[in-house]
Amino acid sequence: MKLNERSVAHYATCNSPPDKTGFLFKKGERNTAYHRRWFILKGNMLFYFEEKESREPVGVIVLEGCTVELCESESEEFAFAIKFDCVKAKVYKMAAENQAAMESWVKALSRASFDYMRLVVKELERQLEEVQEEARSSQAKSMLKKHQLQLQGATFSLQNATITGPSQEGVSSRENGVSWSKPPSVPNGVSNTQGDCSERGDGVRPHPVPPRRKTNGGSLESPVSPGTGCFSKLHDWYGKEVAELRIEWLQSQ
């Protein structure tokens, strides 16, 4: 990979915030001794300088396709290596000042590559889809529950209206178990030909006829006495009563 030295140097020293900075000991290529260097990690690029105040970096390591491994040698304390997968790739060995610094750098360098960021983004997208699916499911359940409550309320109102029934003029009502209808209103000064259901000329409606009761056989009876379903029966019943009273009076004389 070829990089523009000026662009790399500018990026290393510009005011963009670094991901991590600090001193590490870097093992030389020809001279195998460790040299103390100032490191700056920005994105997937690890810059190292001779001193902290240096204006230009000594080198840069592009952290793509690499792994960060701890060194098992006892002579190299707090040391780790950056290894690449390609053949004859260069291995960078570094060492920290203590255990905490080593763990912090290994963690930061392992997460610096775009491959790792791609995995993180995919995992975050999967979690976001799960959250959105749960939200849609919860919203659907809430809407279903709301519709069920509205349906229950409408069903209750319909049942209540069916039991009580509307109270309207001209609609049949029941009193004492007998159905009878209110006649429609008649304009003032106009008489109805149905006698007891008509209004007087002054516009005042007379009192309605008392409802009749039903006998066991289903026929209508007079509220005064049983067996008086019509005017002729009522006349006969009273005539019979008068005849009986007349006989009792004659016998008492």
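The values are calculated or read from the model by the stated rules, or taken from the named source; none is laboratory data. Given the structure is predicted, the values throughout are model-derived calculations rather than measurements. Note: ideal-geometry Cβ built from the backbone for every residue, glycine included; neighbour counts use all protein chains shown. Note: areas computed on protein heavy atoms with side chains; ligands, DNA, RNA excluded. Shrake-Rupley method; radii C 1.70, N 1.55, O 1.52, S 1.80 Å.
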Problem set entry | Residues satisfying the stated conditions in the stretch 17-48, i.e. farther than 22 Å from Cys86 by Cα, open to solvent by less than 80 Å² (accessible area, probe 1.4 Å), at pLDDT 90 or above and in a loop (DSSP other than H, G, I, E, B) | Pro18
Exercise. Outside any strand (DSSP E or B), open to solvent by less than 90 Å² (accessible area, probe 1.4 Å) and hydroxyl-bearing (Ser, Thr, Tyr) - does that describe any residue in the stretch 8-15?
Worked result: yes
Problem set entry | In the stretch 81-126, the residues that are in a loop (DSSP other than H, G, I, E, B) and over 23 Å from Gly22 (Cβ atoms) | Asp85, Cys86, Val87, Lys88, Ala89
Seminar exercise, completed: With criteria (1) touching a residue at least 40 places away in the same chain (Cβ under 8 Å); (2) open to solvent by 60 Å² or more (accessible area, probe 1.4 Å); (3) on the phi > 0 side of the Ramachandran plot, Lys88 comes up short on (1)
Problem set entry | Answer from Val62, Val8 - the residue that is of a type outside the set (D, E, K, R), touching a strand residue (DSSP E or B) at 6+ places or on another chain (Cβ under 9 Å) and closer than 13 Å to Tyr92 by Cβ | Val62
Exercise. Would it be correct to say that Val120 is β-branched (Val, Ile, Thr), exposed (fewer than 15 other Cβ atoms within 10 Å of the Cβ) and modelled with pLDDT under 90?
Worked result: yes
For this session: Inspect the stretch 59-80 for any residue being outside any helix (DSSP H, G or I), open to solvent by 70 Å² or more (accessible area, probe 1.4 Å) and within 30 Å of Asn4 (Cβ to Cβ) and give the result as yes or no.
Result: no
